[in-house]
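Some notes on the structure that comes next.
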């Protein structure tokens, strides 16, 4: 299945939701009056854009079970069309059994998890940053 950026389900950017609280806010860890925000529950893990030359920050993409390809090619599931640092077939994300792995597909500039270049299928955990081309995504479960 091929998907362009506009074809992936984008999660709305409304106020964060905290179960049992109408405002979406909760006190900070020390109860010092600071507000902390919880991620919106979607039931599906997401890639959230942290930094990018081509995508707006906080753009969210749902990651379903199976494989998701990322690259400049229009045949990619996530198309980074004008990213000069991404290869046509840059990386593959694989979700299986509740786990996510990222694998570089021989790209020119590599794929990075938390700043380290990946070698083979590399596990990605909740909160990890994944850089593909000039775009850094944060993985949220």
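Per the listing 11, 18, the residue uniquely touching a strand residue (DSSP E or B) at 6+ places or on another chain (Cβ under 7 Å), surrounded by 13 or more Cβ atoms within 10 Å (Cβ to Cβ), closer than 22 Å to residue 124 by Cα and modelled with pLDDT under 85 is 11. Checking each residue in the stretch 61-116 for being loosely packed, with under 13 Cβ neighbours inside 10 Å, more than 17 Å from the chain's Cα centre (by Cα) and touching a residue at least 24 places away in the same chain (Cβ under 8 Å) picks out 74, 75, 82, 84.
Within the stretch 83-102, the presence of at least one residue that is at pLDDT below 95 and at positive phi is confirmed.
When the stretch 119-141 is examined, which residues are found to be assigned to a strand (DSSP E or B) and surrounded by 12 or more Cβ atoms within 10 Å (Cβ to Cβ)? Outline the logic, then answer.
Filtering the stretch 119-141 down to residues assigned to a strand (DSSP E or B) leaves 122-124, 129-132, 135-140.
Hits for the stretch 119-141 are 122, 124, 129, 130, 131, 132, 135, 136, 137, 138, 139, 140.
The values are calculated or read from the model by the stated rules, or taken from the named source; none is laboratory data. Because the structure is a prediction, the values reported are computed rather than measured. Cβ sites come from the backbone with ideal geometry, for glycine too, and all protein chains shown count toward neighbours.
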